[in-house]
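What follows is a short report on a single structure.
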Amino acid sequence: MMMPIQWLTDELLGQIYIAHVFPVILFQAYIFILELLRHLFFTFEQYKKLLGYVSLPPGLAFAVAGLGSGLTEAVVVNPFEVVKVTLQTNQNAFAEQPSSFVQAQQIIKTGGLGSQGLNKGLTATLGRHGVFNMVYFGFYFNVKNILPVNKDPNLEFLRKFGIGLVSGTIASIINIPFDVAKSRIQGPQPVPGEIKYRTCFKTMATVYKEEGFLALYKGLLPKIMRLGPGGAVMLLVYEYVYAWLQDTVTRK
């Protein structure tokens, strides 16, 4: 028979999971599906089609299509990133924090829609997403076409997963200076009332000069831990769903 304290603990943990953890998991799954749809059905595939009219080597075409999808993504998400960073760096009590919509209104009221307002740090965001997707897609599809296909489905799965893992890792290493610059520009400035970090490359130069080269790679390990395996899963889902869709259309 279960002891009352143990039962209470299990019930409490279950309620916490249902109320807090499970919704977060569902939200992350939802975001993942949106990311998949964005790459699979919109930007990346659309850019690939457009580049079909240009005489580019296939390997370069994948990288350019990735760059285009990343730049498009950056333009769309940057205002949301500005709002998110502003809310995350707000040191007021949680109950006193404004909603995302109210925060966006405040940003527009004080800084407008331009580089000092809702599109602050756009160049850094363009660099972050553009460079990542260019390396991510370019490396994956080029290396995948070079390495021989395995007849064993399990080994083929591991081959694709490994290439995707390396793709996400290399892309993270190359694009993180843009990520650092974005965080410095969109986050709170060191001295209130003074704007120290204004533009992408000037911010990188300032960080390098004052803090050293390694400061441009702050947060690299957690980023690799997130985007390395995450990038591998993303590309695997992309591959198998795309193949399934092609097979379905062909049968019809």
The condition from (1) in contact with a His (Cβ under 9 Å, 6 or more places away or on another chain); (2) crowded, with 21+ Cβ neighbours inside 10 Å; (3) not charged (D, E, K, R) that Tyr238 misses is numbered (2)
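On the basis of being exposed (fewer than 13 other Cβ atoms within 10 Å of the Cβ) and among the small types (Gly, Ala, Ser), does Gly187 make the cut? Even if it seems obvious, please write down each step before you answer.
Numbers: exposed (fewer than 13 other Cβ atoms within 10 Å of the Cβ): no; among the small types (Gly, Ala, Ser): yes.
So Gly187 does not fit the description; no.
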So is Glu194 acidic (Asp, Glu) and not in a helix (DSSP H, G or I) or not? yes
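Residue-by-condition table, conditions (1) β-branched (Val, Ile, Thr); (2) under 14 Å from the mean Cα position of the chain (by Cα):
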residue	(1), (2)
Thr199	yes, no
Ala215	no, no
Leu227	no, yes
Tyr240	no, no
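Assess whether Lys209 counts as being over 23 Å from the mean Cα position of the chain (by Cα), assigned to a helix (DSSP H, G or I) and modelled with pLDDT of 90 or more.
Values: over 23 Å from the mean Cα position of the chain (by Cα): yes; assigned to a helix (DSSP H, G or I): yes; modelled with pLDDT of 90 or more: yes.
Here the answer is yes, as Lys209 does meet what is asked.
For every residue, the table says whether it meets (1) open to solvent by 20 Å² or more (accessible area, probe 1.4 Å); (2) over 14 Å from the mean Cα position of the chain (by Cα).
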| position | (1), (2) |
| --- | --- |
| Phe80 | yes, no |
| Thr86 | yes, yes |
| Gly117 | no, yes |
| Lys120 | yes, yes |
| Leu126 | yes, no |
| Met134 | yes, no |
Out of region 87-120, which residues are touching a helix residue (DSSP H, G or I) at 6+ places or on another chain (Cβ under 6 Å) and at pLDDT below 90? Leu87, Ser100, Gln103, Ala104, Gly117, Leu118
Filter region 40-67 down to the residues that are under 15 Å from the mean Cα position of the chain (by Cα) and not hydrophobic (A, V, I, L, M, F, W, C), then identify the one that is surrounded by the fewest Cβ atoms within 10 Å (Cβ to Cβ). Thr43
Only one of Lys151, Lys144, Lys160, Lys84 is under 19 Å from Tyr242 (Cβ atoms), of a type in the set (Lys, Arg) and free of Cβ contacts under 8 Å to residues at least 24 places away in the same chain. Can you tell me which? Lys144
Being in contact with a Gly (Cβ under 6 Å, 6 or more places away or on another chain) and open to solvent by 40 Å² or more (accessible area, probe 1.4 Å) is the requirement here; does Leu214 meet it? no
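The values are calculated or read from the model by the stated rules, or taken from the named source; none is laboratory data. This structure is a prediction, so every number in the text was calculated from the model and none was measured. Here the Cβ is made from the backbone with ideal geometry for all residues, glycine too, and neighbour counts use every protein chain on show. Side chains included, ligands, DNA and RNA excluded: accessible areas come from the protein's heavy atoms. Shrake-Rupley method; radii C 1.70, N 1.55, O 1.52, S 1.80 Å.
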